[in-house]
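Report on the following structure.
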2 protein chains.
Amino acid sequence: MSTPHPFDPLSPGEIVKAATIVRRELQGKDPNFRVITLKEPPKREMISFLDGGHRDQTHPRPVRAARVQVTIRGDSCPNEMVELIVNLDSGLIIKKEHLVGKHPYIDSAYMQAAEKACRADPRVEAEIQSLKLPDGAKVVVEPWAYATDGMNDMSARTTMCWFYMRLVDHPDANYYAYPLDLCAEVSEDLQVTRIYHLPSSEDERIRKDARPYDHSKVHPTALSEYHPDLRPPPRTTTKPYQVIQPEGPSFSVEGNLLSWEKWSMRVGFNYREGLTLHDIRYEGRSLFYRLSLAEMFVPYGDPRTPYPRKGAFDLGNDGAGMNANNLRLGCDCLGLIKYFDGWHNTAGGEPLKLPNVVCCHEQDDGILWKHTNHRTQNAVVTRSRILVLQTIITVSNYEYIFAFHFSQDASIHYEVRATGILSTAPINNDHVGYGTVVAPGVLAPYHQHLFSLRIDPAIDGHANSLQVEESHAMPINDPDVHNPLGVGYTTQSKIITTEGGLDLDFASNRTFKIINEGKVNPITGTPVGFKLLPCYSQMLLAHPQSYHARRSEFGSHAVWVTRYQDDELFPSGQHTMQSLGGEGISSTIESRKGDVAASGVRNEDIVVWHTFGSTHNPRIEDWPVMPSEKMIVGLKPVNFFTGNPGLDVAVSTQEQNQSVLVGDETGCKTGVCPRL
Amino acid sequence: MSTPHPFDPLSPGEIVKAATIVRRELQGKDPNFRVITLKEPPKREMISFLDGGHRDQTHPRPVRAARVQVTIRGDSCPNEMVELIVNLDSGLIIKKEHLVGKHPYIDSAYMQAAEKACRADPRVEAEIQSLKLPDGAKVVVEPWAYATDGMNDMSARTTMCWFYMRLVDHPDANYYAYPLDLCAEVSEDLQVTRIYHLPSSEDERIRKDARPYDHSKVHPTALSEYHPDLRPPPRTTTKPYQVIQPEGPSFSVEGNLLSWEKWSMRVGFNYREGLTLHDIRYEGRSLFYRLSLAEMFVPYGDPRTPYPRKGAFDLGNDGAGMNANNLRLGCDCLGLIKYFDGWHNTAGGEPLKLPNVVCCHEQDDGILWKHTNHRTQNAVVTRSRILVLQTIITVSNYEYIFAFHFSQDASIHYEVRATGILSTAPINNDHVGYGTVVAPGVLAPYHQHLFSLRIDPAIDGHANSLQVEESHAMPINDPDVHNPLGVGYTTQSKIITTEGGLDLDFASNRTFKIINEGKVNPITGTPVGFKLLPCYSQMLLAHPQSYHARRSEFGSHAVWVTRYQDDELFPSGQHTMQSLGGEGISSTIESRKGDVAASGVRNEDIVVWHTFGSTHNPRIEDWPVMPSEKMIVGLKPVNFFTGNPGLDVAVSTQEQNQSVLVGDETGCKTGVCPRL
C-alpha cells in the first residue's frame, strides 16, 4: 500500500485501524461508530508539506489522523456522543471528548426504529383507523430530525414522524401525493410522546379531533407519479445523443490527484461535505487551498405548529457524503466517465464502501472565445471544454446535484441543481399564504434552500485579502471632477480588515475580489486576484430571534470573511442536530471581535463563505418531481495572469469535431446523416 | 414558389419586387437601398390568422408588405433618408416618408470611404509622421459612428476615426494592441474636420501637440496576438470530443417552422435584430407572440473628450442581422446542425444572401430531473435535452453570441456571451480611474454592455398582465398575525396597471410573472403564467441628463412593461444613429401617460422588456481576446401546466447514451476505451 497523500480520505485499512484503537480505548462501552473520517492536518503543516514536500520527499509528513465519533450508553444519557482524534501513525488517542448535549448526524437505523415505533403504537393505529383511508391504502411514515422550536428539552433526541399513504401497490409509488392529517413526536427511547392533527386551512391550528380523509382528494396517478412503471409510456421524440472521445479523456488521475489541461487538484470526500477539493492549482500556481460545500439549511415558512419543526441541515444533520448517490454510467453522466468511490464505516467500525459517489468527465461548453477580423473576414474560434466533478445527494424527498466546473480560461463554476420531490402537507379546499396546492389535497409549502460555499483561497500564497469594488457614476456638477458630459464612471474599492458578513449589491456592481496584495500583476499594476461571481439570492427570511436564524447563522449575509482556523469548516457549527444556536459563523466572529491578532483578515490566511440559494415558493411544474433548478456561483481570475489563460486552446476544426449538417440538401431529416 | 407564411422574412424574389416598386416610385433619384425587410403584419390581423388561418386556409391572409429604407441626394441634405412601406401583393406604396434629420444604420461602404478620406488627408499624414512610429508599422484606421455628445450639428453624419498600428506584417495582426495618440473627425462629405491628440493620463485632456510614439511600448506578440499564425503552437492536451446522434436530430424544419419535442415556433431574421422568434407554442398552447433582442447599448465610461463619443447601439446603428457571422460546421456549433440563411439587399436593391446566420442544434444539458426513493433505493433519472438557436455577431472589435435554449420542461433561456477584443486607447505609464492597462501602453476602458430583450407574451392568449410578487417575513410580534416562532413568511403581490419601468430586488425575492388573469390553473387556483428569471445587472451609469442616457432610455430600469403597439420594437427608438434622445421607451410611455385607453397594461396585450448586461471593467484575462462572459435570462412556466412538463421524458439508459467508463480497471487512461 503506497503512502497516502495527507489530503487522501482514510483508506479502508485506516478505518479499521482507527476503529480498533477506539474500541480498545472504550473497552466494554460497545460504541456505535457514527464517523471515522480523516482529520485533515493543520494547515501550518500542510503548507510546509505542499511547498516543500511536493518536490522533496525528505520533508516531514503531517501526522495521519482520524476523527472518530461514537455514541455510547452514557451514565445519564442513553446516547452519549464521544469524539476522539486518533493518531494513526502512533496508534495513540490525541484527544477524547464527551460531547454532552450534542448529537451526531442522523442515524438512519434509529430513524427506522422510530418509524417502526410509530407503527407499533396503538394510539397511532387508532388515529390511522379514524382517518378512514381508502381501501388498499398503505400508510408510510417519514421520520424527520426535529428542528429545534424551543418546545422540547434538547438533551435527548426527538423525531418528528410525518404520515403519508400509498394508494398504488408499487414500492415506488409517490406517497408525497397523499399527505395525511397526522404527525407524531417520538422520544429518544422510541416512545410516541405526542400526536398532532395538522392545520389544514390558513386559520386552523393543530387540533385534538381527527378528521377523516377526504376521498375526493384521490386523483389519477398521471398527476402524481414519476416512476415509469406508474406512468403512461414516455415521449419517443427524443433521439439518442451520444458523446464520443476517440482518443480518450483529456484528464488523468493518479490516486486522488486529478490533472486536466493546466489544472491540478486533489479530490477528497467525507461523510458530511461529500466532495471536497484541495490544493487547486493552475499551471502550478496556487489558487485555492480547499473548496467545499460547507452547509445547507432548508427552513420551511409555514408558521403553524408543528411546521416550524421542519428545518433541515442537509449537511450537518444528514451528510452530503452519507447520502451521495451511486452514480450510473449513461444515466447521471454522459461521455467518458471516471468514478471516485467514497469510504465510510458501519456502526461496528468496519469500512463501508460508497461506490461511484463522484463522477468526473468532460463537457463541451460552447464557444470559449471568437473573433472575426472584419477587414479580412477571417474568423478564429475555439470551443470551450470543461471538466465536471459531480456528486448527487438524496435527502429524503429532495435531490441536489452539485458540480464543480473547471474551464480552460482558469475559471471555476459551482453549479447546484435542486430536483426531487417537494415535501408536502395536507390541505383542504382552502388556499394558504405559505404554499402552493400542487394536487388535490396536497400543499407544497414555501421554503428556502440556503447553501454555504466555503472558499479557502491561496491566491499565489496564503496571505490574502478581500477587496470590495463598486462602480459609481462620477458626479456631474462637481468643479473638482472632470465629467463635462456626464458619462464618466469609475471604481471605488476598499479592503476588508476585520471578520464579518457582507451583502451583495448588483446596483453598484459590487464585486468581491480575493487578492494577494503582496503579488502585483506586472502589467496591470494591481494585486493578483480571483473574483466571486455570486448567485444573487434572498437571505434567510426567518426572524433573527427565531431558532432557524440562531441555529443557521450563515443565512443572514451573502458573503462572509473569516480568519482561517483549523477545523472551522461549518458555518452553522460542528453539531447541528437539535442545536440551540450560537455555534455558527457569526458567533465565532463575535467571539473574536476586538482581538485583532485573531480576527484581522487583511494580508492574512482568510476564508470566504458565500451564502446563496433559492426562496422556493413551489409552482405546480415542480410536481410530482421537480425539473432541475440551477444555481451557479463563479470564481474568475482578475488580473491574476498576464492575459487570457485560454488563449492557447487550439482553434476548432471540423476535422476534430466531426459535426454533421442537417438540411434539405442532404435529404437528411430523420435518418442517419452523412458526414461531410 | 409556395405562399410565404406571414412571419417569413422576405424571399429574394420579394426583395427584388420591393426594390423594383421603390425604384419606380423614386424615378431618377438613384436610391441607395439600405433596408428591404419584412414589415410584419399588424398583430390584430396576425391573431386572426394564427387562430383561424393555422387550420383554415380560407381565412384571409394579412397583406405581404416590405419596409424599405433608402437614402437619396436630397435638396438640402446629401444623404436624405426615405422610408417606404410597399404592399407586395398589390405593388402599391402604402406609405412614403422623408425622415429629415434621421440617419439609417451604419453604411459600411461609407465607413470605408471615411477611412480612406482620413488616410488621404495631408494633415493626418503629417500627424502620423510626427508620431515617429517603429519601422514597418502599418497604420489602421477604425471608423466609428459618432455617439452624440452635443458638440456637433446632427443634421449630417459625423464619423470618428480611431488610429492603431500593426507591427506584424500579417492581415490578422491585432492592431488593438497598438492604439495611437490620434483621432480624427470626418464630416458627411468626407472631410477631416478635426484632429485630436488623445488624453493619456488621468489629468490630461486633448492636446494640440503631437507626442511621438513611445517605442518602449512595443511588446512580444505572445502578449497581444490571438491569431494562430502569430502564436506559439497551441496546447495539445485537449482530446477530441464529438457528438453523434445515430438516429438524427429530434427537431424538424419545414420552411421557417421549427418543431422540437413539444415546442413549435417560427424562425425569423432581419438586418437589425438578427434572429427573431414568432408564435412560440408548447403542446399547441400559445406562450409568446415574439421574442427578440431589441437593442444593445455599449457606452464607455471615460469622461475625457473625445471618449464620450464612444457609445454604440449595436442593433440600431450596426445591425445584429447585418453583422451576423457565417457559422461554420464543427467550429461554431457541435453535433447535428441545421443552418438558416438570411437575406438582405445590396445598395442597388438586389438580394444579398447572408449564409448560415442561425444554427439550430441539440445539446445534452445534464440532468433534467432525478429522484431516488430512499426506501427502495430505486433511482429514476432523466437527462435534459435542449434545443439551441444560436447566432453570432461581430461588431468591430467585439463578438456577441446570442442563443435561445428551449428545454423539455417548457422553460426558455436566453444566453448572451460577450467575446472578441476590447476596444483600446493609448496610455502612458500612468493608471487612470476608467480603465485597465492590459498591455504596455494599452488601456482597456471601462464600459457597459446593456441589452434589451423584448418579450411579447401571449400566455394562453393576448390579454396578459404583469404581476410582481415578493416574499416577506411575517411580523413576529403582531397580535393579528400567527407567527409565534418567527419562522413564517408569505408572498405579497401586485398587478401592474400602467406602463412603466421597474427594478429588480433579489433581497425580497421580487419575481416578475406574466400571467393571464382570465385563465385559472384548475389545481393551484391561480392564473396561468410564465416568470422572468432576470439577469441581475447594474443599470446605465451615465447621468440621466447625459446624451448616453437620453438616447438609450431603456438602461434606467431592468423591467419595462408597455402596451403593445405595432412597430414599437426598439426601446431606444426607431433611428438611433446620431439620435438626440427622447425617442425611446420612457419617452413613449411618457407620451401615453394619462391616456388610460392607450397605456393600461392589465389584461391587455402587453410587452415586457428586460434590460440586463454587464459593467465591464476589463481584467487582463480579457486580453488579447476575451473568454466568453455569459449572461443568462430565463422564462419559466409558473402554474401554467398541471405538473412538470418534462415528466414524460424517457428515463436515461446506458443503452441509449453509450457512455464509457474510464478507470484503472479497464486499463483505459489515454486510449480508446471499450464500451461496457
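Every number in this text was worked out from the coordinates using simple rules, so none of it is lab data. Just so it is clear, the structure is predicted and the values come from calculations on it, not from any experiment. Neighbour counts run over all protein chains shown; Cβ positions are idealised from the backbone, glycine included.
Against the compact-protein benchmark of 2.2 N^0.38 Å, the Cα-based radius of gyration of region B:60-204 scales to 1.40.
Each principal axis of region A:374-490 carries a Cα extent, and these read 66, 46, 43 Å when sorted largest first.
Once you list every other residue whose beta carbon is under 15 Å from the beta carbon of B:Asn345, what net charge do they have if Lys and Arg are +1 and Asp and Glu are -1?
Within the 15 Å Cβ shell, the charges total +2.
Counting other Cβ atoms within 10 Å, which trypsin sites (Lys or Arg not before Pro) in region B:355-399 have at most 14 and lie in a DSSP loop? In loop regions of region B:355-399 (DSSP not H, G, I, E or B), the sparsely surrounded trypsin sites (Lys or Arg not before Pro) are B:Arg375. Find the centroid of the Cα atoms in region A:259-312 and in region B:234-295, then give the distance between the two in whole Å. What the calculation gives is 35 Å, centre to centre. According to the square roots a ≥ b ≥ c of the eigenvalues of the Cα gyration tensor, what is the shape class of region B:410-477, taking rounded for a/c under 1.5, prolate for a/b larger than b/c otherwise, and oblate for the remainder? Verdict is oblate for region B:410-477. Per 10 Å bin from zero, what fraction in whole % of the C-alpha pairs of region A:126-282 is there, up to the bin with the longest pair? Cα pair-distance distribution for region A:126-282, in percent: 8, 22, 20, 18, 18, 12, 2. With Rh defined as the Kirkwood radius, the inverse of the mean 1/r over Cα pairs, the Rg/Rh of region A:321-379 is 1.40.
Exposure proxy ranking for B:Lys519, A:Lys116, based on other Cβ atoms within 10 angstrom of each Cβ and starting from the fewest, stands as A:Lys116, B:Lys519. Averaged over the residues of A:172-179, the number of partner chain Cβ atoms lying within 10 Å of the residue Cβ comes to 2. Going by Cα centres, region A:33-48 and region B:539-578 are how many Å apart? What the calculation gives is 57 Å, centre to centre. When the charge dipole of the protein assembly as shown is built from unit charges on Cβ atoms (+1 for Lys and Arg, -1 for Asp and Glu) and taken about the Cα centre, the candidate among A:Val395, B:Asn657, B:Leu26 whose Cα reaches farthest toward its positive end is B:Asn657.
Summary of the geometry: region A:114-192 and region B:579-616, compared by the centres of their Cα atoms, lie 54 Å apart.
Helix B:122-131 axis versus longest C-alpha principal axis of chain B: approximately 80°, rounded to the nearest ten. Scaling against 2.2 N^0.38 Å puts the C-alpha radius of gyration of region B:494-533 at 1.33. For region A:483-619, the alpha-carbon radius of gyration amounts to 1.24 times the rule-of-thumb value 2.2 N^0.38 Å expected for a compact globular protein. Listed by Cβ neighbour count within 10 Å, with the fewest neighbours leading, A:Trp343, A:Trp560, B:Trp144 appear as B:Trp144, A:Trp343, A:Trp560. Derived value for region A:477-549: Kirkwood hydrodynamic radius 16.4 Å. Basis is the mean of 1/r over every pair of different alpha-carbon atoms.
Could you list, bin by bin from short to long, the percent of Cα-Cα pairs of region B:17-128 in 10 Å steps? Computed distribution, short to long bins: 13, 31, 25, 17, 9, 4, 2, 0. Between identical copies, the spacing of B:Arg24 label points, each set 7 Å from Cα toward the C-beta atom, reads 10.5 nm from nearest to farthest. At q = 0.23, 0.24 Å⁻¹, what base-10 log of I(q)/I(0) does the Debye formula yield for region A:580-671 when every alpha carbon is treated as an equal point scatterer in vacuo? Listed by q, the Debye log ratios stand at -1.18, -1.23. Of all residues in chain B, the one whose Cβ lies closest to the rotation axis carrying B onto A, together with that distance in whole Å, is B:Tyr536, 2. Evaluated on region A:425-551, the Kirkwood hydrodynamic radius is 19.3 Å, with distances taken between all distinct Cα atoms. Restricting the calculation to Cα atoms, every distinct pair contributes to the Kirkwood radius of chain B, found to be 27.6 Å. Taking other C-beta atoms within 10 Å as the exposure proxy, B:Ile606, A:Ile244 rank A:Ile244, B:Ile606 from fewest upward. For A:Asn429, the label point sits 7 Å beyond Cα toward Cβ; its separations from the matching points on the remaining copies run 8.4 nm, from shortest to longest. The Cα atoms of region A:89-133 define a convex hull whose projected area, averaged across directions, is 6.0 nm².
Counting every Cα pair in the protein assembly as shown, what percent are over 62 Å apart? When all Cα pairs of the protein assembly as shown are counted, 14 percent exceed 62 Å. For B:Arg602, the label point sits 7 Å beyond Cα toward Cβ; its separations from the matching points on the remaining copies run 5.3 nm, from shortest to longest. In region B:213-327, taking the dipole from charged Cβ atoms about the Cα centre, the farthest positive-side position among B:Val253, B:Gly268, B:Tyr213 is held by B:Tyr213.
Summarising the overall dimensions of region B:273-406 from its C-alpha atoms, the Rg and Dmax are 20.3, 73 angstrom. The 3J(HN,Hα) values that the Karplus relation (6.51, -1.76, 1.60; θ = phi - 60°) gives for region B:251-262 are, in residue order, 9, 9, 10, 10, x, 9, 8, 10, 10, 7, 6, 9 Hz. Gly and Pro appear as x.
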